[in-house]
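Undergrad: Below is the structure I would like to discuss, written out as structure tokens.
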Amino acid sequence: LGFSEIMSGEMLGPMGQPKYGEYAQDIHRSGQFLLDVINDILDMSKIEAGRIELELEDLSLPALVDDVMRIIGPRAHEGGIALSTNIKVEQTFAADRRALKQVMINLLANAVKFTPDGGHVQVKARQTRHDVVIEIKDNGIGIPEEDLGKIGRPFEQVENQFTKSKGGSGLGLAISKSLIDLHHGKLQIESAVGVGTTVRVVLPRQVFATRPRLKAA
Ligand SMILES: Nc1ncnc2c1ncn2[C@@H]1O[C@H](COP(=O)(O)OP(=O)(O)OP(=O)(O)O)[C@@H](O)[C@H]1O
Ligand SMILES: [Mg+2]
């Protein structure tokens with residue numbers, strides 16, 4: 001990955017042939033794609049083997065959402081999708097930063113991937129007495145009712161033009177769901193074909209006061 005980046009950036013001098021630059025970029029894109037797939041498979045295996053332990057810390061949601069937006073922003077821009085946020089969670093809460101960031105990235109990547117050009121993706125968050133509630137809402141292609149039950153299981157995808165053209169292995173939601181389960185939270189999906197999808201993450205604010213030791217079952 002590093003060498004192909006150096007080459008396509010012509011950091012040590014020109015390559016001469018423009019085609020070489022294109023090839024170096026292809027190598028980089030494909031390498032990154034493979035690395036993402038491998039990391040997803042490793043994460044899923046670790047979760048299933050019960051080898052993921054959360055590292056809880058006091059998290060500020062607005063800061064975490066800002067981080068995630070910086071990663072997803074360019075992808076949304078490329079796809080002609082407007083991103084907006086409305087985060088009304090001021091108090092910190094206990095969660096694993098890396099895990100929650102991964103969940104947010106997976107869910108936002110889906111919202112962007114399954115929403116056609118000109119669409120809109122919104123991240124909303126609020127806190128209730130017991131929970132932090134995060135919603136990721138898109139006005140994309142939606143999920144047929146008969147498929148809602150199966151997605152979220154490893155490797156389950158709904159066959160459509162986007163799963164075909166944009167790739168992916170059907171692990172993002174399964175990993176997200178497991179990471180949320182480890183927080184004793186819930187993942188809910190509401191969707192209508194042609195209207196859009198809302199994915200809701202409900203994380204308890206207090207559960208950890210009485211359950212300090214966490215390990216996947
Ligand atoms: N926001 C959404 N709108 C429409 N369909 C969705 C949305 N999110 C998930 N899906 C459906 O659920 C399936 C599973 O999602 P998941 O994130 O696990 O897999 P993926 O995005 O296809 O691949 P990966 O995340 O591994 O790159 C998707 O293939 C898609 O069919
Ligand atoms: Mg995905």
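None of the figures in this text is laboratory data; all of them are computed from the coordinates on show. Bear in mind that the values here come from a model prediction, so they are computed numbers and not experimental data. A quick note on method: Cβ atoms are made from the backbone with ideal geometry, for glycine too, and the neighbour counts reach across all protein chains shown.
Undergrad: Hey, what do the phi angles of the range 196-204 turn into as Karplus ³J(HN,Hα) couplings, whole Hz, using 6.51/-1.76/1.60 and θ = phi - 60°, x for Gly and Pro?
TA: x, 9, 10, 10, 10, 10, 10, 10, x
Undergrad: Using each residue's phi in the range 22-37, evaluate 6.51 cos²θ - 1.76 cosθ + 1.60 at θ = phi - 60° and report the 3J(HN,Hα) Karplus result to the nearest Hz, with x for Gly and Pro.
TA: Each residue's phi maps through the Karplus curve to give 4, 4, 4, 5, 4, 4, 5, 4, 5, x, 5, 4, 4, 4, 4, 5 Hz.
Undergrad: Right, next: Can you put HIS120, HIS28, HIS130 in order, fewest other beta carbons within 10 Å first?
TA: On the way: HIS120 16, HIS28 19, HIS130 11.
Ordered from fewest to most neighbouring Cβ atoms within 10 Å, HIS120, HIS28, HIS130 come out as HIS130, HIS120, HIS28.
Undergrad: Report the gain in length on full extension from GLU22 to THR128: 0.36 nm times residue separation, minus Cα-Cα distance, nm rounded to one decimal. Could you put the intermediate results ahead of the total?
TA: Numbers: separation 106, 0.36 × 106 = 38.16 nm, distance 5.07 nm.
Taking GLU22 through THR128 to full extension adds about 33.1 nm, to one decimal.
Undergrad: Plugging the Kirkwood radius over Cα pairs into Stokes-Einstein for the range 28-145, at a temperature of 20 °C and a viscosity of 1.002 mPa s, what D comes out in µm²/s? Intermediate values should be presented prior to the final figure.
TA: Values: Rh = 15.8 Å.
The diffusion coefficient I find is 136 µm²/s.
Undergrad: Continuing with this model, one more query. Rounded if a/c is under 1.5, else prolate if a/b beats b/c, else oblate: with a ≥ b ≥ c from the C-alpha gyration tensor eigenvalues square-rooted, which is the range 1-43?
TA: Working: a/c = 6.57, a/b = 2.67, b/c = 2.46.
Prolate shape, in that a/c is at least 1.5 and a/b is the bigger ratio.
Undergrad: How large is the dipole of the range 1-149 about the Cα centre if only Lys and Arg carry +1 and Asp and Glu carry -1, each at its Cβ, rounded to the nearest 20 debye?
TA: Dipole size: approximately 300 debye.
Undergrad: In whole angstrom, and with the biggest value first, how far do the Cα coordinates of the chain range along each principal axis?
TA: The Cα atoms of the chain stretch 63, 39, 33 Å along their principal axes.
Undergrad: Just to check I understand the Karplus step: with θ = phi - 60° and J = 6.51 cos²θ - 1.76 cosθ + 1.60, what whole-Hz values come out for the range 95-109, glycine and proline as x?
TA: 7, 8, 4, 4, 5, 5, 5, 5, 4, 5, 5, 4, 5, 6, 4
Undergrad: On a 25 Å Cα-Cα criterion, which of the cross-link pairs LYS88/LYS164; LYS101/LYS186; LYS124/LYS164; LYS46/LYS177; LYS46/LYS137 come out too long?
TA: Numbers: LYS88/LYS164 36 Å; LYS101/LYS186 16 Å; LYS124/LYS164 29 Å; LYS46/LYS177 14 Å; LYS46/LYS137 29 Å.
With Cα atoms farther than 25 Å apart: LYS88/LYS164; LYS124/LYS164; LYS46/LYS137.
Undergrad: For a quick check: with amide H placed at 1.01 Å from N, whose amide H comes under 5 Å from ALA94's, ignoring anything fewer than 5 positions away on the same chain?
TA: LEU59
Undergrad: Which of rounded, prolate or oblate describes the range 112-197 when judged by the alpha-carbon gyration tensor and an a/c cut-off of 1.5?
TA: Numbers: a/c = 2.03, a/b = 1.33, b/c = 1.53.
Oblate, since a/c reaches 1.5 and b/c is not below a/b.
Undergrad: What ratio of Cα Rg to 2.2 N^0.38 Å holds for the range 1-91? Don't skip to the end; give the middle numbers.
TA: On the way: Rg = 19.0 Å, N = 91, 2.2 N^0.38 = 12.2 Å.
In units of the 2.2 N^0.38 Å rule of thumb, it is 1.56.
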